[in-house]
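Working notes, beginning with the structure itself.
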Amino acid sequence: MGFARSVGLGIKDFLSVPAKSFMKSPAGLITGMAQGTTSLISNTVYAVSDAATQVSRAAHKGIVAFTMDDRTLTEMENQQRGMSSHGKGVINEILEGLTGLLQSPIRGAEKHGLPGVLSGFALGVTGLVARPAASILEVTEKTARSIRNRSKLYHMGSQRLRVRLPRPLSRDYPLRPYLWEEAVGVSVLSDADDSLMLKDETLILSKPLKQKDKFVIITERLILIVSCPSLVNLGQPEFRGVPADLDWNIEAEITLDSVIHVDTDEEIVHIVGSSSDVVLTQNQNQRRGVGNSGKQRFYNPPTPLPLFQTNLECSCKEEAGELLKVIMATIEKGKERGWGGAHRLHQSNVR
């Protein structure tokens, strides 16, 4: 329906705008034809790029779900959550597929013997084809989304815009004064991609960052860094309004239980975290194995703990301090609820 509506709107403008301009003034026919042609091209580009974005995204998810093993799925989930802001690239995915082709039969033999060799070889061949295909689809989806966002600026001109985002309401709380930040946070959690499962999150804080179209959202479990090209001039006199369908781009998703250090430097908040999946894997490896003597042996893998750092640039030093306090308080509440057994290192522990 979205594709047909956008193309139909472009065709309607292509035919009606020149006619309306000619009725006002014969000299306006050329201007009307230019405006109608521009509308037709921009709406068609928007419709095609939007359809390509959705098809590429669906195909990428299908390939990942049906052909990848649990280890690969975990890696891709970590990339989507902000552990890595860029994909590995097609060449690296081919190399990863070749590595998997050699390693999968060995893993299968360790688990299931000779039948595991055959199933592991089949899984390796599938990964060799699926990993580059998934990488290509991911690049295609990002490219199409970028084109769609560019063409959306003109596409928005022919739509009715909201004066502001909807007010968050709750039957358990009284009606409060309207806050843009709170409305942005609720919109992100309710309208984001269903695969991220954000609708069950509880909003703690939503704040705009120094970059005009970026926001930081804090829930009981996550720190989200999001952007929206449609809200670049939010709060400014030149802000045109809020479109009906906002396109939220989640640039990073950080779980609070993975944060090991938070501090501020003027208006910048520094967040350092570790992968909880790796901590869990190491704990499982440490519990393996009982020797011939009957005593339990512990294996400590030499793999270093991977770290990632995220910097949040606020508009002023006071807002950075407020954001730091909220993050620290939310982490402490999470620790009281007992969300994990890994050791955490915060600013108060650093000298």
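What follows is calculated from the coordinates using simple rules that are stated; it is not laboratory data. Source: prediction; values computed, not measured. Quick reminder, even Gly has a Cβ in these numbers, built from the backbone with ideal geometry, and neighbours come from all protein chains shown.
Peptides 109-119, 38-48 ranked from most to least packed, by the mean per-residue count of other Cβ atoms within 10 Å: 38-48, 109-119.
Take 248-257, 323-332 and order them by the average number of nearby Cβ atoms within 10 Å per residue, most first; the result is 248-257, 323-332. When each of the peptides 99-106, 166-173 is scored by the mean number of other C-beta atoms lying within 10 Å of its residues, the order from highest to lowest reads 99-106, 166-173. Derived scalar couplings between HN and Hα for region 261-270 equal 7, 9, 8, 10, 9, 6, 9, 10, 9, 9 Hz in order, rounded to whole Hz, by the Karplus curve 6.51 cos²θ - 1.76 cosθ + 1.60 (θ = phi - 60°), x for Gly and Pro. Taking label positions 7 Å along the Cα-Cβ direction at both residue 249 and residue 233, the computed distance is 1.9 nm, reported to one decimal. Any idea how far the Cα center of region 211-277 sits from the one of region 13-61, in Å? What the calculation gives is 33 Å, centre to centre.
Residues whose amide H lies under 5 Å from that of residue 251, counting only those 5 or more places away or on a different chain, are 225, 226, 227; hydrogens are built 1.01 Å from N in the peptide plane.
The 3J(HN,Hα) values that the Karplus relation (6.51, -1.76, 1.60; θ = phi - 60°) gives for region 320-325 are, in residue order, 5, x, 5, 5, 4, 4 Hz. Gly and Pro appear as x.
For the residue pairs 210/317; 207/325; 199/325; 61/142; 210/335; 207/317, the C-alpha atoms sit more than 19 angstrom apart in 199/325; 210/335.
Around the amide H of residue 210, modelled in the peptide plane, lie the amide H atoms of 313, 314, 315, all under 5 Å away and 5 or more residues distant in sequence or on another chain. Just grab the label-to-label distance for residue 171 and residue 336, each label 7 Å out from Cα along the Cβ direction, in nm (one decimal). The modelled label-to-label distance comes out at 2.9 nm. Our Cα-only numbers for region 161-255 put the radius of gyration and Dmax at 13.0, 36 Å.
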